Amino acid sequence: MINLGKQSTVIDWIRLVFPYNFDVSPTKQFTSKSGNKIQGVSPLVHNHYHDINGILKVMGLPELLDARDDENLSNSWTSETPLWNYDDSVKHGNIRIMFNYANIKNEMPKSRADMGVAFEISGQGCRELEFYLSKRNKTWYDFFKDIFRFRPDVKVNRLDLAHDVVNGSPKLAPKNLRKHAVKRNIASRLKKFTYIENGSLLSGEILGDTFQIGNSNVRLVVYDKLGERVHSHGDYIDSSIKSWTRWEMRLFYEYSQSFINEFLKEEPVTVLYFRLLRQTMKVVMSDDMDTKNRHRAPEYSWWSDFTLQSDRNLKRLFISHPEKHNTLVRKHLYIDRQVSKSLVKTLFAHQQSGGNAKDLLNHWIESGIQKFTYDDIVEIKSLVQQSYELTETENFHLYIPEQLQLNLDDFDYKELIKGLDNFERYFDEQF
């Protein structure tokens, strides 16, 4: 049996579309760019901001409009550039909402009413949404059940399922899949594969690779997650992680909708993931059979070990996400790698020209504080909590010098949070 390593399966991307309900206009028609006539409709919404608050309440997210002024965004949401020809967009962390301007008094093309409101929740956004769910003791099952109950017309237009294999067998890596694809050992209804390597021109070293099969509605993407995190994002990775391969299923439209329908039958997401993976492809021990019959050939034992594990013994899987204190780690690494050199050069130049480096640093700190938003205060509280937890458990990150480690006792921590609470109230009063 192959080494399966430590594994986890998570929902890693979601796109939800809530169409506007409407009355059909008997007279109004619109002309598309191609010259086609599109039926006009009157959307049954008071305001494209107002009508979304009910969905946000079901999700457990902050409301969109400020309770003190129902025409303005709350401090939890910020304006964002819209995508896909939507009229407006806002975001909260990595959760983006896009709108078409709608009001019951105005008519619009039916096609734009069907676009309605879209939620684009990235991988980081899914982790943020999990935080809001955990605060209410809810799971992904509760999330989708509540959404479908509140808005049965919701469309799940994209769903990514990420299955991570940490310190597993090289047979599960993209390079091995490419070898079997070239030998015609992969049986699949999907006809084409893509294999890409990324490397350094300076060292000649291969920094990561990706194997992909699929079409516009179903895609399997297997890639070197460790290489992506270290070389592309510059993240700190625990030295115990020697390999990290991500098997990612990307589902669109009817496929993503069907997966959620199965999920709502209370099937574990990992079991569903592997059933879908086996339906997508198999690695078999024959290159002589034609494409139609290749799936009947015997499978490689390592493929059976990997894809049938959830049906044989679900407890062997770790249904959780391995990243903890990720935000704090990213902040420290970004400052250390991207900011510190430029900052020190500027301080030295300022001092050598007769200025006071300490005064300049204090000026930057005061200037930064003046730019704080409500979201910044919330994020600072989270970073303080993470630092406190790391100190409390003595799990210090190696990249933080000893003299910079936070050694806060209960009183210090409570005083610091109290100061942030006061600043938060001051911010509310001023803005």
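The values are calculated or read from the model by the stated rules, or taken from the named source; none is laboratory data. All of these numbers come straight from a predicted model, not from anything done at the bench. Heads up, the Cβs are rebuilt from the backbone with ideal geometry, glycines too, and the neighbour counts pull from every protein chain shown. Keep in mind that these areas ignore ligands, DNA and RNA; they rest on the heavy atoms of the full protein, side chains included. Shrake-Rupley method; radii C 1.70, N 1.55, O 1.52, S 1.80 Å.
Brief remarks follow.
- Restricting the range 217-231 to residues that are open to solvent by 10 Å² or more (accessible area, probe 1.4 Å) and either among the hydrophobic types (A, V, I, L, M, F, W, C) or more than 20 Å from the chain's Cα centre (by Cα) (or both), the residue that is farthest from residue 186 (Cα to Cα) is 230.
- Condition check for residue 131: surrounded by fewer than 18 Cβ atoms within 10 Å (Cβ to Cβ), at pLDDT below 95 and in contact with a helix residue (DSSP H, G or I) (Cβ under 8 Å, 6 or more places away or on another chain): no
- For the range 145-162, filtering for residues that are more than 19 Å from residue 248 (Cα to Cα) and crowded, with 20+ Cβ neighbours inside 10 Å leaves 1.
- So residue 16, is it under 30 Å from residue 273 (Cα atoms) and part of a loop (DSSP other than H, G, I, E, B): no
- The range 14-47, residues that are in contact (Cβ under 8 Å) with a residue 24 or more places away in the chain and charged (D, E, K, R): 15, 28
- Residues satisfying the stated conditions in the range 88-106, i.e. under 18 Å from residue 45 (Cα atoms), at pLDDT 90 or above and either of a type in the set (A, V, I, L, M) or open to solvent by 60 Å² or more (accessible area, probe 1.4 Å) (or both): 97, 98
- Of the strands (runs of 3 or more DSSP E) entirely within the range 180-287, those holding at least 2 residues that are closer than 30 Å to residue 152 by Cα occupy 218-224, 244-252.
- Test result for residue 183, open to solvent by 60 Å² or more (accessible area, probe 1.4 Å) and either in contact with a strand residue (DSSP E or B) (Cβ under 6 Å, 6 or more places away or on another chain) or acidic (Asp, Glu) (or both): no
- Test: residue in the range 21-30 that is more than 30 Å from residue 300 (Cα to Cα), aliphatic (A, V, I, L, M) and either modelled with pLDDT of 85 or more or open to solvent by less than 70 Å² (accessible area, probe 1.4 Å) (or both): no
- One residue from 85, 106 being closer than 26 Å to residue 25 by Cβ, touching a residue at least 40 places away in the same chain (Cβ under 8 Å) and of a type outside the set (Asp, Glu): 106
- Enumeration of residues in the range 37-48 that are part of a strand (DSSP E or B) and open to solvent by 80 Å² or more (accessible area, probe 1.4 Å): 37
For every residue, the table says whether it meets (1) assigned to a loop (DSSP other than H, G, I, E, B); (2) more than 17 Å from residue 120 (Cβ to Cβ); (3) not β-branched (Val, Ile, Thr).
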site	(1), (2), (3)
4	yes, yes, yes
24	no, yes, no
29	no, yes, yes
35	yes, yes, yes
51	no, yes, yes
75	yes, yes, yes
86	yes, no, yes
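- Take the conditions (1) touching a helix residue (DSSP H, G or I) at 6+ places or on another chain (Cβ under 9 Å); (2) open to solvent by 50 Å² or more (accessible area, probe 1.4 Å); (3) under 20 Å from residue 300 (Cα atoms); (4) free of Cβ contacts under 8 Å to residues at least 12 places away in the same chain; residue 267 misses just one of them, which is (3).
- Checking each residue in the range 115-130 for being over 17 Å from residue 55 (Cα atoms) and part of a helix (DSSP H, G or I) picks out 123, 124, 127.
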